[in-house]
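Enquirer: First the structure, which I've put down as structure tokens, then a few questions once you've had a look.
Nothing in this text is a laboratory measurement; each read-out follows from the coordinates by a stated rule. On a predicted model such as this, the values are computed, not experimentally measured, just so you know. Cβ atoms come from the backbone with ideal geometry, glycine included; neighbour counts cover every protein chain shown.
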Amino acid sequence: MSNGGDPPTSEPPPRLATETAANRKALNSPGYHEHEATARRLDALIEIENRAARRDREARAFALPAGRVRDLVRFFAFTYGEGMPDDDGGRDDAFILAQHVARLNGDPASNVAKHVRQWCPWMDDDELAALVRRVQAKPIKWSADTLGKRLGLLDEVRTKLRIKTIGGCDVSKAERTARTAARKVQAKTAKRRAGGVQARDAYEANSLSRTKPWEAEGIGRSTWYARRKEGRTGAPLDRSDPCKQSRSSGGHTWPSSTRSQAAPPLARQGEGVAASVLCLADDASLISVVSWVRAAP
């Protein structure tokens, strides 16, 4: 048997006081015999257990949850019905149950006797007393997987009975952990969908990176996002318009051909021609207005 890592109760029960061999012999039936050497050894083991229990009670470092006992009772009721059979399997299960109920709140011997008599009515007083002494002399703690293998608890039965503190003998702890994580992910996903959050596939299908609206407007991606930030996204640019919007400053610049062209011949001849170009831009299109004013000679 291997000890598991199951913690004791937050309020460890008081242990039985050490009894002498003479007192035990007087209390037991005439057919029950216990050698003095065995009695002294059991007394020493009980005293060690009492000291350990006091340390646990002071430190409150370990606790065996009552849920383990509830899971055992649920499993035994599913397996046997109202009582355990009078065979080796029934005695082994009674020993497992006694090891756990001995750590519940209250007197360990009373807890063991109560549960064992309920599940094993065929067990006589001598055998029950020996079981109590065996449990008190050497308490055993099983891990969830170790106990599940010893009981032969199938994962299907474990799931059906909603057993939480005992592992399945046919499914490892890693598989159970992965399965639990998957269920949590599904629950969170369902909650997000109920809250109106789109699935990633649906979101990406309608995302800007997929639709690329800047291509329809004939501008670059960074320019489109800059205009979107300023609230100026709209129809495509008119590339035929001589007044084009600057990408760097967001303002308007003259085409290079307009800026570098020479003045009209009338101006060179002193006829006083003035030209002004007004470029107006809105969200729909760029409008260029050119007006020529001829000065008086």
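Enquirer: Excluding residues fewer than 8 places away in the same chain, name every one of the lysines whose C-alpha is closer than 21 Å to that of Lys114.
Expert: Result set, ordered by chain and number: Lys138, Lys141.
Enquirer: Between beta-carbons, use under 9 Å as the cut-off and find the net charge around Gly167, counting Lys and Arg +1, Asp and Glu -1.
Expert: Overall, the nearby charge balance is +2.
Enquirer: On average, how much area does the Cα convex hull of the stretch 158-236 cover when viewed from any direction, in nm²?
Expert: Computing the convex hull of the Cα atoms and averaging its projections yields 9.1 nm².
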